[in-house]
1. Looking only at the stretch 123-144, count how many residues are surrounded by fewer than 20 Cβ atoms within 10 Å (Cβ to Cβ) and closer than 12 Å to residue 93 by Cα.
2. Any residue that is crowded, with 18+ Cβ neighbours inside 10 Å and polar (S, T, N, Q) - is there at least one of those in the stretch 47-54?
3. Tally up the residues in the stretch 114-145 that are free of Cβ contacts under 8 Å to residues at least 24 places away in the same chain and of a type in the set (Gly, Ala, Ser), please.
4. If you check residue 37 against the conditions, is it under 28 Å from residue 113 (Cβ atoms), part of a strand (DSSP E or B), at pLDDT 95 or above and touching a Phe, Trp or Tyr at 6+ places or on another chain (Cβ under 9 Å)?
5. Among the residues of the stretch 129-143, write down those that are more than 25 Å from residue 56 (Cβ to Cβ) and touching a helix residue (DSSP H, G or I) at 6+ places or on another chain (Cβ under 8 Å).
6. Could you grab me the full set of residues in the stretch 122-154 that are modelled with pLDDT of 95 or more and among the acidic types (Asp, Glu)?
7. Residue check: is residue 53 at negative phi and within 17 Å of the chain's Cα centre (by Cα)?
8. So, residue 116, is that one touching a Gly at 6+ places or on another chain (Cβ under 9 Å), assigned to a strand (DSSP E or B) and not hydroxyl-bearing (Ser, Thr, Tyr) or not?
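The values are calculated or read from the model by the stated rules, or taken from the named source; none is laboratory data. All figures in this text were calculated on a predicted structure; none of them were measured in a lab. We place every Cβ from the backbone using ideal geometry, glycine too, and count neighbours over all the protein chains shown.
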Amino acid sequence: MEESWGCTQLKASSMNTSQPRHDPALAVSLPKDLDLVLRVMPMPADSNSNGDIFGGWIMAQVDLAGSVLPARVAKGRVVTVAVNEFVFKQAVSIGDLLSFYARVDRIGRTSITVHVEVYAERNPADLKVVKVTEANLTYVAIDRDGQPRVIPRD
């Protein structure tokens, strides 16, 4: 594991870690090909001693956001069974407006794999949009007893 911008990076990204934290060259626009599933603003209680948002808090939000589409597809309850990849690309700061976008990548017999991208909208006076995190997660549809169930195909 590597340390990057005050967040733990679980998988090495191709990003050069010597770049400034809020490099304008990294600014992007919000995606049009993914579904917006969650929007949230981190608060001071979500930050570490460096003033960055805890990576674990971001991971929890990604897990919530990632479950939205699988629950719709499965028409019911789903549980997280795997975090296949999780990359922190930029630090998140108090006051950033985070937008979580998702798409279903695979539907199996009982499982659904989802890709989640997280964008931060920074500095409303001179707005910048930066991709801060992306992840791939797998969820399993479960019945009321917590056992895997077949995903309906209709």
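1. Adding up the residues that qualify gives 1.
2. Residues of the stretch 47-54 crowded, with 18+ Cβ neighbours inside 10 Å: 52-53.
With the extra rule that they be polar (S, T, N, Q), the set shrinks to none.
Taking every residue of the stretch 47-54 in turn, none turns out to be crowded, with 18+ Cβ neighbours inside 10 Å and polar (S, T, N, Q).
3. Matching residues across the stretch 114-145 total 1.
4. On the way: under 28 Å from residue 113 (Cβ atoms): yes; part of a strand (DSSP E or B): yes; at pLDDT 95 or above: yes; touching a Phe, Trp or Tyr at 6+ places or on another chain (Cβ under 9 Å): yes.
So residue 37 fits the description; yes.
5. Kept after step one, since they are more than 25 Å from residue 56 (Cβ to Cβ), are these residues of the stretch 129-143: 141, 143.
141 - this is the single residue of the stretch 129-143 that is more than 25 Å from residue 56 (Cβ to Cβ) and touching a helix residue (DSSP H, G or I) at 6+ places or on another chain (Cβ under 8 Å).
6. Matches in the stretch 122-154: 134, 143, 145.
7. On the way: at negative phi: yes; within 17 Å of the chain's Cα centre (by Cα): yes.
The answer is yes for residue 53.
8. Working: touching a Gly at 6+ places or on another chain (Cβ under 9 Å): yes; assigned to a strand (DSSP E or B): yes; not hydroxyl-bearing (Ser, Thr, Tyr): yes.
Criteria met by residue 116.
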